[in-house]
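Take a look at the structure set out below.
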Amino acid sequence: MPFILTSKNLGKTNTAEIGGKGANIAELINAGFPVPPAFFVTTDAYNKFAEENGLKPKIAEIIAKIDFDDVDSLKKGADSIRSLILNSTMPISIQDTILDAYRNLTYSEDTGGSSFDFIKGGKDLPFVAVRSSGIAEDAKGASSAGQYETFLNVRGEKNLIASIMKCWASLFTPRVIYYRNKNKQSQDTSISVIIQRMINSDRSGVAFTVDPMNPVEGANHIVIEACWGLGETIVQGEVDPDHYVINKRDGRIESVKVNEKRIMRSRDLYSGLTVIKDVPKDKSRVQVLNENEIVALAAICKKIEDHYKYPQDIEWASEKGRLYIVQTRSVTTLESKKTKALTGTPILIGLGASPGIGVGTVKIVKDISELGKVGKGDILVTKMTNPDMVVAMEKAAGIVTDQGGSTCHAAIVSRELGIPCIVGTKSATQLLKDGQVITVDASHGRVFAGEVKLETEAGKPAELRKTKTLVKVNLAFPETAEKGVRADGVGLMRLEHMLTKHGYHPIEYIRQKKEDELIKIITDGVGTVAKAFYPNPVWVRSLDVRTDEYANMIGGDKEAKESNPMLGMHGIRRSLVDTDILKCEFTAIKRLYEQGLDNVGIMIPFTYDVSEFVKAKEFGKKFGLPDKIKFGVMVEVPSCALAIEEYCKAGIQFISFGSNDLTQLTLGMDRNNEKLNNLFDEMHPGMKFLFAYVIETCKKHGVETSICGEVPSNRKEAVEFFVNLGITSLSVNLDAIDKVRGWVNEFE
Ligand code: PEP
Ligand code: MG
């Protein structure tokens, strides 16, 4: 792959070369949207740089030593990796290629982004935006929330090269390393950098093609936020932007809220640097976009959503009366935690940016050195969060900031983490005191002194209407059961995580003849969940560990070495060989049944042939499982989907789509390969065919249907599809219960 690419022939599938953000920009340019011209420094350029400087083994060594629960250790490790990168040299061959493209990058007033060439520029080198573009970024279902660096108003060859190096280094900020570790993503990853002609914005902002705070009615709205100068002031939460709401169906403006925009960022005429200055008094309360412009921008945004067939989070800019789209990404976090407001007098008011209610002790964090103060369940109070604060944010029961709007860092990250967050209170760090207990009602942007309870029945948060299509939850840890009890049952209880928590690879219990321990862990764990949800059903999935998983657990090294573990000895095919596993699981479930917990069902994973279901059921009988216990299968292998009628005839009582594996096997795409993120489409026509066929066949035989793969937790159109097919239930992640319930409400 060359070190740089232009947008020609590139599009959304090119994330491996130019990252998610880059692929989006190329796609937009080629689709004719008004995008400033750009070129892309490819991931190969970074890889070559890393290779020439021998960086990868050194980075791996530092990461291996990080204690991820220790803020200092994480920060120290990240700092040393970044200085390693910044002190390395970019190979001359890469520098030459980049600088050549830069010198030739010019801006044609009338390109509108649809066709731009590299025409020899004038004497002055252009100002450019230098943006990182991560390869797992901006894909559907993976919010980047601006994890990597962006540099605006960069001009000059030296500055450009330095900014690109800084973007590369931002692959290893504490926050990003932490995220990758948490999400079990490889740290050996790459990054692309976008070099884009800088628009000298006199006005700019963001736009959502769905109201992220209100996905139910908000699905029909486009929300635009606007400020003077560069849009950084909105992203950084430094300004209270104008807020316009447009009806998506007919393009009508529904509301215009003009706020006081006290400051603006702009390019200094002399130094070219971004400067922050006060907005002149006579301009600060003036509406930024006029009505024609609002309507025109909304129409472009709607077209972008139509193009991507998914709600978008868009950054726009205007220069001398022309509108430009600077970037766009899929909206990945939508909330519908609508609760009744708490009663009483608030001590502080701000913008509810991530809904929910949190109670805890105030910990005021002035800078990163004070992060250690924040313990689990505290309320993090700070001027404005930044990426380094994520480790502490995750522990917090609530977040309150002085600055910020609905798209600032704190808002995006807390929405992703599911933590109640209020931004833009202006004075939280002055008004609140360290050690004070407060209640944060982030659904309504209010902070109360002390602990305030919600006055609904049983003190529980108000719930959305129950839906005909049941909304269940996926669980892995008994400890979190209580958090999910408003769901209509557990559609997938994974056993593996519960078992590995004790340090042993699950199979090691059998090898060491510690079956009694294994039975006890399952009985206790599943029992806790079954009690919490009783009488709603809890479907326990029989063990499904691939031979390469949990290698670091005790006994993990004794697992067979398979050339393709995804397709190897796991799921029911393995348990039918190591039948002691089934014996332990069935014994535990039988015990629970005898204790009166008759709501536990058994789900057979990764079956490819009906004979496996029949054998598993026979083992159930042999180990004394009562007939009343429900038995079903996960539909994860295409042969199971296609032969579902045989399973129905053999007596399955329910099915649940394991869409993660079913997509992997139907599309022929490794689900763990980050390079395939953008291609991995659970709603591919081939998948829809299988889903529809299985649901129709099961309905004919009176078999219940469900889905427990990731897709309904993340994609609204998938929920619409399944509701329309009449699926019995959707089983979703803990933090998606209310959101998905809202979607189902909308479609029923
Ligand atoms: C699936 O494959 O969709 C599933 C839920 O199982 P897992 O992700 O555990 O393989
Ligand atoms: Mg699976």
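No value in this document is a laboratory result; all are computed from the given coordinates. Given the structure is predicted, the values throughout are model-derived calculations rather than measurements. When we count neighbours, we look across all protein chains shown, and the Cβ atoms used for this are built from the backbone with ideal geometry, even at glycine.
For an R0 of 51 angstrom, estimate the FRET efficiency from the Cβ-Cβ distance between Glu515 and Asn87 and round to the nearest 0.05.
Here the calculated transfer efficiency is 0.40.
Which ³J(HN,Hα) values in Hz, rounded to whole numbers, follow from the phi angles of the range 741-748 under the Karplus curve 6.51 cos²θ - 1.76 cosθ + 1.60, where θ = phi - 60° and Gly and Pro get x?
Here the 3J(HN,Hα) series is 4, x, 4, 4, 3, 5, 8, 7 Hz.
Could you check the simple spin-label distance between Glu51 and Asp609, using points 7 Å along Cα→Cβ, in nm with one decimal?
4.4 nm
For a quick check: sort Cys227, Cys421 by the number of other beta carbons within 10 angstrom, fewest at the front.
Arranged by neighbour count, lowest to highest, Cys227, Cys421 become Cys227, Cys421.
Using the alpha-carbon atoms, what tilt in degrees (0 to 90, nearest 10) does helix 15-30 show relative to the longest principal axis of the chain?
Its long axis makes an angle of about 60 degrees.
Most exposed first by the Cβ proxy, i.e. fewest other Cβ within 10 Å, how do Leu273, Leu734 rank?
Leu273, Leu734
Highest mean first, how do 735-746, 48-59 rank when packing is the count of other Cβ atoms within 10 Å averaged over residues?
Result, highest mean Cβ count within 10 Å first: 735-746, 48-59.
At a Förster distance of 41 Å, what's the computed FRET efficiency of Asn159 paired with Thr345, Cβ-Cβ distance as r, to 0.05?
Computed FRET efficiency for Asn159 and Thr345: 0.20.
Kindly state, to the nearest 0.05, the FRET efficiency for Asn672 paired with Asp557, given R0 = 25 Å and r defined as their beta-carbon distance.
Efficiency computed from Cβ-Cβ geometry: 0.75.
Can you tell me which lysines have their Cα less than 17 Å from the Cα of Lys277? Leave out same-chain residues fewer than eight positions away.
Within the straight-line limit of under 17 Å, Lys277 reaches these lysines: Lys261.
Could you pull out every residue, at least 5 positions away or on a different chain, whose amide H is within less than 5 Å of the one on Thr385? Hs are placed 1.01 Å off N in the peptide plane, and Pro or chain starts have none.
Ala410
Take Lys700 and Asn290, extend 7 Å from each Cα along the Cα→Cβ direction, and tell me the distance between the two endpoints in nm.
Label-label distance for Lys700 and Asn290, simple model: 6.3 nm.
Could you run the Karplus curve 6.51 cos²θ - 1.76 cosθ + 1.60 with θ = phi - 60° over the range 605-617 and give me ³J(HN,Hα) per residue in whole Hz, x for Gly and Pro?
x, 6, 8, 10, 8, 4, 4, 5, 4, 4, 5, 4, 5
In 20 Å bins starting at zero, report the fraction of Cα pairs in the chain per bin as a rounded %.
16, 48, 32, 5, 0
Where a Cα-Cα gap under 24 Å defines reach, which lysines qualify for Lys590, not counting those fewer than 8 residues away within the same chain?
Within reach: Lys472, Lys501, Lys513, Lys514, Lys520, Lys531, Lys615, Lys617, Lys621, Lys622, Lys628, Lys630.
On a 0 to 90° scale, report how tilted helix 71-86 is relative to the longest principal axis of the chain, with both axes built from alpha carbons and the result rounded to the nearest 10.
Helix 71-86 and the main axis of the chain meet at about 50 degrees.
Taking 7 Å along the Cα-to-C-beta vector as the label spot, tell me the His307-Asn104 distance in nanometres, rounded to one decimal.
So the two model labels end up 2.5 nm from each other.
If we count other beta carbons within 10 Å of each Cβ, what is the order of Thr345, Thr500, fewest first?
In order of increasing Cβ crowding within 10 Å: Thr345, Thr500.
Whole-Hz ³J(HN,Hα) for each residue in the range 287-300, computed from phi via Karplus 6.51 cos²θ - 1.76 cosθ + 1.60 with θ = phi - 60°, x for glycine and proline: what do you get?
After applying 6.51 cos²θ - 1.76 cosθ + 1.60, I find 5, 6, 10, 7, 4, 4, 5, 4, 5, 5, 5, 4, 5, 5 Hz.
Between Ile347 and residues 5 or more places away or on another chain, which pairs have amide H atoms under 5 Å apart, with H built 1.01 Å from N, and which residues are they?
Val447, Phe448, Ala449
Taking amide H positions as placed in the peptide plane 1.01 Å from N, state which residues far from Glu254 in sequence (5 or more) or on other chains have amide H under 5 Å from it.
Amide H neighbours of Glu254, under 5 Å, 5+ apart: Val245, Ile246, Asn247.
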